[in-house]
1. For G51, which of the numbered conditions (1) among the small types (G, A, S); (2) open to solvent by 50 Å² or more (accessible area, probe 1.4 Å); (3) at negative phi fails to hold?
2. For F76, only one of the following conditions fails: (1) at pLDDT 95 or above; (2) open to solvent by less than 50 Å² (accessible area, probe 1.4 Å); (3) farther than 15 Å from I106 by Cβ. What is its number?
3. Among the listed residues I138, I92, which satisfies the condition of being of a type in the set (A, V, I, L, M) and free of Cβ contacts under 8 Å to residues at least 60 places away in the same chain?
4. Go through segment 172-188 and count every residue that is open to solvent by less than 60 Å² (accessible area, probe 1.4 Å) and closer than 20 Å to G86 by Cβ.
5. Within segment 143-167, how many residues are in contact (Cβ under 8 Å) with a residue 40 or more places away in the chain and closer than 18 Å to A83 by Cβ?
6. Give N136, N108 a once-over and let me know the one that is modelled with pLDDT of 95 or more, buried (at least 18 other Cβ atoms within 10 Å of the Cβ), not in a helix (DSSP H, G or I) and not small (G, A, S).
7. What is the one condition in (1) more than 14 Å from the chain's Cα centre (by Cα); (2) buried (at least 24 other Cβ atoms within 10 Å of the Cβ); (3) of a type in the set (A, V, I, L, M, F, W, C) that L122 does not satisfy?
8. Restricting to segment 82-97, name every residue that is modelled with pLDDT of 95 or more and part of a helix (DSSP H, G or I).
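The values are calculated or read from the model by the stated rules, or taken from the named source; none is laboratory data. Since the model is a prediction, treat every value here as computed from it, not as a measurement. Here the Cβ positions follow ideal geometry from the backbone for every residue, glycine too, while neighbour counts run over all protein chains shown. Surface accessibility is based on the protein's heavy atoms, side chains included, excluding ligands, DNA and RNA. Shrake-Rupley method; radii C 1.70, N 1.55, O 1.52, S 1.80 Å.
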Amino acid sequence: MGLKVSIKSSTMMTVAVGFLLATSLQALAAGSESDETAPPPKSKTTTECTGGKVWDKDKKECVKPNESGFNDDQLFQAAREFAYAGQYENAITVLKLARDQNDPRILNYLGYSNRKAGRMELGMSYYRKALQHDENYILARSYMGQALLEQGDVQGARVQLVEIRDRGGENTWAYRSLLQSLKGHVVY
């Protein structure tokens, strides 16, 4: 009896671990979407700093981003905040300071900021570059799909929606956002 319970428990543990591993891999395949989909919290970068300056927590002051010594993640976060605040030129300026200009996150937000600033073709070229570096980056696919809709290419947007779904992103903001846009509700 004890052996039966042990084997059954072991089997259940193996199934549970397998499920968790599969779920984790699916989340990885979907790109690092979860950290990037909710608008970033406002900081002093967009509430107090002016002229494209970024809040430096260590110095406790607004600094020029090119003189900040920020790493790529810090630059990315500041640029996202600018982009969500509608400060697209400031976002682009900060993104161009990143050391890794092939980082799909940097490319995606260069696409987003340029598209929102009215430079659709330039924005699309950045989305394509982001996807060349990471074809599973579903947030870039979502923004590209929304750009395609803005251009009247409904079928192209649907293709991106299917790509997001097929890459494990059906339960993500990227998928829902593009789906809502396809239904006539512009999201981003």
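1. Condition (3) is where G51 drops out.
2. So F76 meets the others, but not (3).
3. I92
4. Summing the residues that are open to solvent by less than 60 Å² (accessible area, probe 1.4 Å) and closer than 20 Å to G86 by Cβ in segment 172-188 gives 5.
5. The total comes to 2.
6. Being modelled with pLDDT of 95 or more, buried (at least 18 other Cβ atoms within 10 Å of the Cβ), not in a helix (DSSP H, G or I) and not small (G, A, S) holds for just one of N136, N108, which is N136.
7. L122 satisfies every listed condition except (2).
8. The answer is F82, A83, Y88, E89, N90, A91, I92, T93, V94, L95.
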